[in-house]
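J.: Handing you a structure now.
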Amino acid sequence: MRRIRKNLITGQSPTHDASALRAALSAREANLLGENGLVHGQDRYVATASPGDLVLPLDQLNEEQKALLEERMGKLVSHTVGCGRELELSELVKDGVSIAEPSDIDALINLGAAIASETAYRSITFDPLRAREFAEMYLAETETHKIFVHKSRGRLQGALFGYVTDYIFSRDLMAAEELFYIYPEDRKSRIAIKLMRAFETWARTKSVIEICFSVSTQDQADRIGRFYEKMDYVRVGGVYKKKMQEHAT
């Protein structure tokens, strides 16, 4: 049993007015950035509740406790989040940091095209169908893969694709970034920091022992490396590539 925090509250009733949505957006972002602790690290929903309300996780109750509560309150399902008493932010709010949804795939494909045209991968043929398959795989493997996105007025500004896996020589877990890109016009904001923190929060919920970021392109590698170091990452090793002559440009 835990007492609900004020910054998880959207209001006294499930309204869709602008102030409630702004509060909900702020609460969702706080959850994703780990500001409410790991228990809320991946919450996409914000429940309607009043300060002082007690929240009981049903999966933590034994059958006797459930029976006692239902005797006093009626069916517990009528009191749970998921019965229309919350705001589903992915449908109502399109700003800030969030977890990608299927409706984001087209924008993610466009982001992939921007990556291919701007970075050291420009010599590789961009295939939008393959990009779609890649995004769909991430959205399907939700336990081990996540796409964090940042938007402004519904426009995708950047995304971070990351996954959790074990080592080839251990069952310990690590988290790794696979794709991290922000459109040039949005790079002077704090978007990169927010996306990284959201990824780190999720990684901590998976009990990883380390998080890895890489710089696999030549474009602004030193600047990106300095940014990672400011975020407390340490450089380990490097990436070496050899172009095959038949594909050289």
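J.: Can you tell me which of (1) assigned to a helix (DSSP H, G or I); (2) at pLDDT below 90; (3) in contact with a Gly (Cβ under 8 Å, 6 or more places away or on another chain); (4) among the aliphatic types (A, V, I, L, M) is the one VAL215 doesn't meet?
T.: The number of the failed condition is (1).
J.: Take the stretch 192-207 and flag every residue that is in a helix (DSSP H, G or I) and free of Cβ contacts under 8 Å to residues at least 60 places away in the same chain.
T.: Within the stretch 192-207, ALA192, ILE193, MET196, PHE199, ALA203 meet the criteria.
J.: Taking the stretch 126-170, which residues are over 23 Å from GLU29 (Cβ atoms) and acidic (Asp, Glu)?
T.: The answer is ASP127, GLU133, GLU136, GLU141, ASP166.
J.: Can you tell me which residues in the stretch 166-186 are outside any helix (DSSP H, G or I) and either in contact (Cβ under 8 Å) with a residue 40 or more places away in the chain or exposed (fewer than 14 other Cβ atoms within 10 Å of the Cβ) (or both)?
T.: Scanning the stretch 166-186 gives ASP166, TYR167, ILE168, PHE169, SER170, ARG171, ASP172, LEU179, TYR181, TYR183.
J.: How about the stretch 58-165: which strands (runs of 3 or more DSSP E) wholly inside it have at least 1 residues that are surrounded by 12 or more Cβ atoms within 10 Å (Cβ to Cβ) and at pLDDT below 85?
T.: Of the strands (runs of 3 or more DSSP E) lying wholly inside the stretch 58-165, those with at least 1 residues that are surrounded by 12 or more Cβ atoms within 10 Å (Cβ to Cβ) and at pLDDT below 85 span 86-88.
The values are calculated or read from the model by the stated rules, or taken from the named source; none is laboratory data. Please read these numbers as outputs of a predicted model, since none were measured by experiment. As a convention, Cβ positions derive from the backbone with ideal geometry for all residues, glycine included, and neighbour counts pool all protein chains shown.
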